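Undergrad: Structure in structure tokens, see below.
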Amino acid sequence: NSKDVSVTRDLWDFFNERMNAREQQQHDFLVQASNILVNLEMAGITFDLEYSKELQEVFEKELYQLEIEISNTTGRNINPRSPQQISRWFSEQGLILKSTDKDTIEPLHERPGTSAVVRKFIEQLLLHRRRAKLCGTYVKGFQKRIYKGKVFTTYTLHGTTSGRLASRNPNMQNIVRDKRIKHQFTVENENNILIQLDYKQAEGRVITTLAQDEYLAEIFRDPTRDIFDELCNDIYGEGNWVKENRVSMKSIFYGNAYGRGVNAIALALQQPPNNVDITVEETRDLMHKFNAQISSVVTWQASVKQRVLTGEDLTTPFGRKRSFWLITDQNRSDVLNEALSFLPQSIASDICLTALIQLQQRLHGLATIRLTVHDALILECKESDKDEVISIARTEMEKAGRMFTDYVPFVVDSSFGKRWSDL
């Protein structure tokens, strides 16, 4: 142990001398962030075990009913958790599958010639898996991790290649949208309230800044304009679109920004929770019209790809660096998509982290920061202090955005309630 301590100190001296000013700045920033995140980990968030048990019963009843429906559809008792039994049933229908995972069986549902029975079975099976995931991971999984009435997560500053924060055991940064799941988390005291403050389209504003795209910047600079409403007006025509079109535009905006293909975006739109009736050709047409509006972003994306393909590292203003050591024909597409997502995701996350560092000091004794979720913060305070806390938090979060750029403002939305599902 003494040798380990001694050599570690020698390494610290060695690397400390080698760090340049930017690397030293990043080191200091990450040390600050690490110290602040310890406080979040210790704070935890209150968990309503009684409600969670009731929710477990609801999901288990749903699963039981689905298993009955699956048996009626297939004409036999099939365990939907058994790949062997599922594979055997498909083979009896003339479908020999290498796997029974979602990516394998889902395309069968839309394939011409697939029987109505097979389609119905696939729908029931995938729904059963979604419900089982909710119950197992987000209900029973949380119940196992309760300590003194709270759930505590662990954050890592180096857990993702995208530069975002990571959370584990349990992962609180990738909670599903189902409000029943978030309803399990509540205030510690009945006189308290939860507040969520999140940056409005943070990654979109980062992309706009990096690309210096005036079309998007003009919209972002006006707080009365909504980016997706504006895009729908310009592409569909003002007054000629509905909510479903806005959902499509939002998926195309972010999917296109991160290099997702037409097929992938169309498939995501067709599936829950979007359930948009759209074809691949319609999606391709929308993407073509969208790209025509944001020519500077398209040019910037091309420059990022070129930098990566010529062996150049990507470095953010916060000092985070992403290197791509080996690019082959097999991984080229994935590497370029990762490159496009690295800068906006990493920068947006670090802007929020900057605000978190400042807020931890300013809100001491006034509010407790319970969670950080990518570009959002969740706090708890006395209900009587709500307005003051929101004002302080919004000020610091907007200030952190201005430290990155004054090209576009970083607007902060706020919501509050007694449970996470209310936010």
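The values are calculated or read from the model by the stated rules, or taken from the named source; none is laboratory data. For clarity, every value in this text was computed on a predicted model and none was experimentally measured. All Cβ positions, even for glycine, are placed from backbone atoms using ideal geometry, and neighbour counts span all protein chains on display. When the accessible area is computed, the model is the full protein with side chains, heavy atoms only, and any ligands, DNA or RNA have been set aside. Shrake-Rupley method; radii C 1.70, N 1.55, O 1.52, S 1.80 Å.
Undergrad: Find, among the GluC sites (Glu not before Pro) in the stretch 80-182, those assigned to loop by DSSP (not H, G, I, E, B) with at most 15 other beta-carbon atoms within 10 angstrom.
TA: Details: sites: GLU92, GLU110, GLU123; in loops: none.
Passing both the DSSP loop test and the Cβ count: no residue.
Undergrad: How big is the gap, in Å, between the Cα center of the stretch 153-171 and the Cα center of the stretch 56-105?
TA: 34
Undergrad: Report the FRET efficiency, 1/(1 + (r/R0)^6), for GLN65 and LYS382, where r is their Cβ-Cβ distance and R0 is 45 Å, rounded to 0.05.
TA: 0.55
Undergrad: Within the set of other residues whose C-beta is less than 11 Å from the C-beta of LEU197, count the net charge using Lys and Arg as +1 and Asp and Glu as -1. If you can, show how the numbers build up before the last one.
TA: On the way: positive: LYS200, ARG394; negative: ASP198, ASP375, GLU396, GLU398, ASP413.
Residues near LEU197 contribute -3 overall.
Undergrad: Another one. What fraction of the Cα pairs in the stretch 82-175, stated in percent, has a spacing above 19 angstrom? If you can, show how the numbers build up before the last one.
TA: Numbers: 2507 of 4371 pairs.
The share of Cα pairs beyond 19 Å in the stretch 82-175 comes to 57 percent.
Undergrad: Here's a follow-up. Near CYS381, within a Cβ-to-Cβ distance under 13 Å, what is the net charge of the other residues, with Lys and Arg +1 and Asp and Glu -1?
TA: Details: positive: ARG362, ARG370, LYS382, LYS386, LYS418; negative: GLU188, GLU380, GLU383, ASP385, ASP387, GLU388.
Local charge sum for CYS381: -1.
Undergrad: Want the number for GLN24 to LEU95: 0.36 nm per residue separation, take away the alpha-carbon distance, what's left? Before the final figure, lay out the partial values.
TA: Details: separation 71, 0.36 × 71 = 25.56 nm, distance 5.88 nm.
Additional length available on full extension: 19.7 nm.
Undergrad: Right, next: Quick one: putting +1 on the C-beta of Lys and Arg, -1 on the C-beta of Asp and Glu, what dipole do you get for the stretch 1-134 around its Cα centre, in Debye to the nearest 20?
TA: Working: 18 positive and 21 negative charges, 152 e Å.
It works out to roughly 740 debye.
Undergrad: Also, I was wondering about something else. Rounded to the nearest 20 Debye, what is the dipole magnitude of the chain about its Cα centre when Lys and Arg each give +1 and Asp and Glu each give -1 at the C-beta?
TA: Computed charge dipole of the chain: roughly 1280 debye.
Undergrad: Also, I was wondering about something else. Restricting to lysine pairs 8 or more places apart or on different chains, what number in the stretch 72-177 have Cα atoms under 22 Å apart?
TA: Details: LYS98/LYS120; LYS102/LYS120; LYS102/LYS133; LYS120/LYS133; LYS133/LYS144; LYS133/LYS150; LYS140/LYS148; LYS140/LYS150.
Lysine pair count for the stretch 72-177: 8.
Undergrad: Once the Cβ-Cβ distance between GLN212 and VAL31 is put in as r, and R0 is 41 Å, what FRET efficiency do you end up with, to the nearest 0.05?
TA: Values: r = 32 Å, r/R0 = 0.79.
E(calc), rounded to 0.05, equals 0.80.
Undergrad: Given the -39500 (n - 2.57) contribution per DSSP H run of 4+ residues, what per-residue ellipticity at 222 nm results for the chain, rounded to the nearest 500 deg cm²/dmol?
TA: On the way: 16 runs with 239 residues, N = 423.
Helix contribution divided over all residues of the chain: -18500 deg cm²/dmol.
Undergrad: Next question, about the same structure. With Cβ to Cβ distances under 12 Å as the rule, what net charge do the other residues near THR209 carry (K, R +1; D, E -1)? Numbers along the way, then the final one.
TA: Working: positive: ARG205, ARG221, ARG402; negative: GLU203, ASP213, GLU214, ASP406.
Cβ neighbours under 12 Å give a net charge of -1.
Undergrad: On the protein heavy atoms, probe 1.4 angstrom, tell me the percent of accessible surface of the chain carried by carbon and sulfur.
TA: Numbers: 10670 of 22200 Å².
Its accessible area is 48 percent carbon and sulfur atoms.
Undergrad: So what is the accessible area of the stretch 72-173 per residue, in Å², with the probe set to 1.4 Å? List each step's numbers first, then the result.
TA: Details: 5700 Å² over 102 residues.
Solvent-accessible surface per residue comes out at 56 Å².
Undergrad: Express in whole angstrom the spacing between the alpha-carbon centres of the stretch 1-47 and the stretch 324-399.
TA: 19
Undergrad: Another question about this same structure. Please sort through the DSSP H helices of the chain and keep those with an alpha-carbon extent of at least 27 Å along the long axis and a Kyte-Doolittle average not below 0.0. Could you put the intermediate results ahead of the total?
TA: Working: long enough: 21-43 (34 Å, -0.24); 49-74 (37 Å, -0.66); 116-135 (28 Å, 0.05); 332-362 (45 Å, 0.28); 386-404 (28 Å, -0.49).
Helices meeting the criterion: 116-135, 332-362.
Undergrad: Something else about it: Please identify every one of the GluC sites (Glu not before Pro) in the stretch 252-336 that sits in a loop by DSSP and has no more than 10 other beta carbons within 10 Å of its own beta carbon.
TA: Numbers: sites: GLU281, GLU282, GLU312; in loops: GLU312.
Passing both the DSSP loop test and the Cβ count: no residue.
Undergrad: Name the lysines eligible as straight-distance cross-link partners of LYS305: C-alpha to C-alpha under 30 Å, and not fewer than 8 places from it in the same chain.
TA: By straight Cα distance, LYS305 reaches LYS200, LYS250, LYS289, LYS321.
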